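To start, the structure under review is shown below, and the notes come after it.
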Amino acid sequence: MLTKNILTAALVLAGAVPALAQTPRAAPRATAPTQAAPNEATVQSRADALTANMTQGLGLTPAQTEKVRTINVASVRNVEAARLRYRQDPAKLRSYIDAIGLARLEQLKDVLTGSQFTRYQQKREEKMGIPKAGGSQGNPPPGLGNGPTE
């Protein structure tokens, strides 16, 4: 039974190959213009600046600095390539940049100590303007008071 199935499969494949050879080739499709590669000097300088800031702010060891630099170079290169590729599609660009950022965070989490990663997250949130949890909820902004005054 097994040899019968194998022979049947071999015959089907043997017939398919010549049939494919007889099929006319489709005309080559017009390809999109090739995308320029990200400027390597820009990638390196941005990655170096990120790494220097992180080394100073988080007190990285030399081994951590090298690993973080590798992560930063790859992330900056991917972001720059996405900017070139999706410059006409901002929504797609944003989703790619977000995905690259999340992947970078996961990689950094593996390199940094717990306290370093916590400090990194705090600095990142401050820079991005994310309000701290448990802030002054219920207190009105300065100058607005608690309501109408007479």
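Being in contact with a helix residue (DSSP H, G or I) (Cβ under 7 Å, 6 or more places away or on another chain) and either modelled with pLDDT of 90 or more or not aromatic (Phe, Trp, Tyr) (or both) is true for just one of ARG124, ARG46, ARG85. Which residue is that?
ARG46
Counting only residues that are among the small types (Gly, Ala, Ser) and surrounded by 14 or more Cβ atoms within 10 Å (Cβ to Cβ), which one in the range 58-95 is nearest to ARG119 (Cα to Cα)?
The qualifying residue nearest to ARG119 (Cα to Cα) is SER75.
I need a count of the residues in the range 42-79 that are of a type in the set (S, T, N, Q) and more than 18 Å from the chain's Cα centre (by Cα).
Within the range 42-79, residues that are of a type in the set (S, T, N, Q) and more than 18 Å from the chain's Cα centre (by Cα) number 7.
In this structure, is PRO33 assigned to a loop (DSSP other than H, G, I, E, B), farther than 21 Å from GLN122 by Cα and modelled with pLDDT of 80 or more?
No.
Taking the criterion of being farther than 13 Å from ALA47 by Cβ, in a helix (DSSP H, G or I), in contact (Cβ under 8 Å) with a residue 12 or more places away in the chain and among the aromatic types (Phe, Trp, Tyr), would at least one residue in the range 110-118 satisfy it?
No - not one qualifying residue is present in the range 110-118.
Looking at the range 95-117, which of its residues are aliphatic (A, V, I, L, M) and in contact with a helix residue (DSSP H, G or I) (Cβ under 8 Å, 6 or more places away or on another chain)?
ILE97, ILE100, ALA103, LEU108, VAL111, LEU112
The values are calculated or read from the model by the stated rules, or taken from the named source; none is laboratory data. Source: prediction; values computed, not measured. Cβ sites come from the backbone with ideal geometry, for glycine too, and all protein chains shown count toward neighbours.
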